[in-house]
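A.B. asks: Sharing a structure here in C-alpha cells format.
The values are calculated or read from the model by the stated rules, or taken from the named source; none is laboratory data. Computed from a prediction, not measured in an experiment: that's the story for all the values here. Neighbour counts are summed over all protein chains in view; Cβ atoms, including those assigned to glycine, are modelled from backbone coordinates with ideal geometry.
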Amino acid sequence: MNLEAIINDELKNAMKNQDKVRIDALRSIRSAIIEFNKSGADHEMTEDEAIKILNSLAKKRKESIEMFEKGNRPDLMEKEKAELKIIQEFLPQQLDEVQIEKELKALISEMNATSIDFGRLMGAAMKKFAGRADGSQVQTILKNLLN
C-alpha cells in the first residue's frame, strides 16, 4: 500500500474518531502528496520521494516549535509537537546518536577522509542516512568526529 492510500485510510479513521490534531496533521501530509502529484511528475511517488515529503513536513514542525517556544506560545507549541509525532509515525525508524556516530566512523575510515573533506563526507552521509537521521544532528556529530 502506498503512502497516499495509507494517509487516506488514517484520515478516515481520524475523522470517525473526531481527533482534530490527527486530522490536521494527516491533511497536511495529504496536501503535500496532492501537490507532488500535480507537480508534473510522470510517475507514481517513490518511497524516497515520500520520505522527502514527510521529512520536509517534520522539519517545518520542528522550526515552528522553536519559534513558538521563543515567542512564549506553549499552546501552539504543543499542537505542533503533536502533529510532528503523527508525521513521524510514517517515517522510517530514526537512528540514535550512537548509531549515527558508529556509521559515520565507518564512512570516514572507508573514505580515508580528513577535516577538509567535510562537504564530501556530509553528502555521502546524507545519502546513506536518507530519511533515517536529521541532517543537523548528522552535521554536529560529523564535526565532532573530525575535530
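A.B. asks: Restricting attention to the range 72-95, which residues are among the aliphatic types (A, V, I, L, M) and modelled with pLDDT under 90?
C.D. replies: From the range 72-95, those among the aliphatic types (A, V, I, L, M) are 76-77, 82, 84, 86-87, 91, 95; that's our starting set.
The answer is 91, 95.
A.B. asks: Given the structure, is residue 68 surrounded by 12 or more Cβ atoms within 10 Å (Cβ to Cβ), farther than 26 Å from residue 125 by Cα and not charged (D, E, K, R)? Explain how you work it out, then say what you get.
C.D. replies: Values: surrounded by 12 or more Cβ atoms within 10 Å (Cβ to Cβ): yes; farther than 26 Å from residue 125 by Cα: yes; not charged (D, E, K, R): yes.
So residue 68 fits the description; yes.
A.B. asks: In addition: Return the residues of the range 26-58 that are in contact (Cβ under 8 Å) with a residue 60 or more places away in the chain and out of contact with any Gly (no Cβ under 8 Å at 6 or more places or on another chain); say none if nothing qualifies. Step through it out loud before you land on a result.
C.D. replies: First pass over the range 26-58, keeping only residues in contact (Cβ under 8 Å) with a residue 60 or more places away in the chain: 26, 29, 48, 51-52, 54-55.
Correct list: 26, 29.
A.B. asks: For residue 84, indicate whether it is assigned to a loop (DSSP other than H, G, I, E, B), among the aliphatic types (A, V, I, L, M) and within 24 Å of residue 51 (Cα to Cα).
C.D. replies: On the way: assigned to a loop (DSSP other than H, G, I, E, B): no; among the aliphatic types (A, V, I, L, M): yes; within 24 Å of residue 51 (Cα to Cα): yes.
Against the criterion (assigned to a loop (DSSP other than H, G, I, E, B), among the aliphatic types (A, V, I, L, M) and within 24 Å of residue 51 (Cα to Cα)), residue 84 does not qualify.
A.B. asks: Output the number of the condition that residue 133 fails; it satisfies all remaining conditions of (1) at pLDDT below 90; (2) part of a helix (DSSP H, G or I); (3) under 20 Å from the mean Cα position of the chain (by Cα).
C.D. replies: For residue 133, the failing item is (2).
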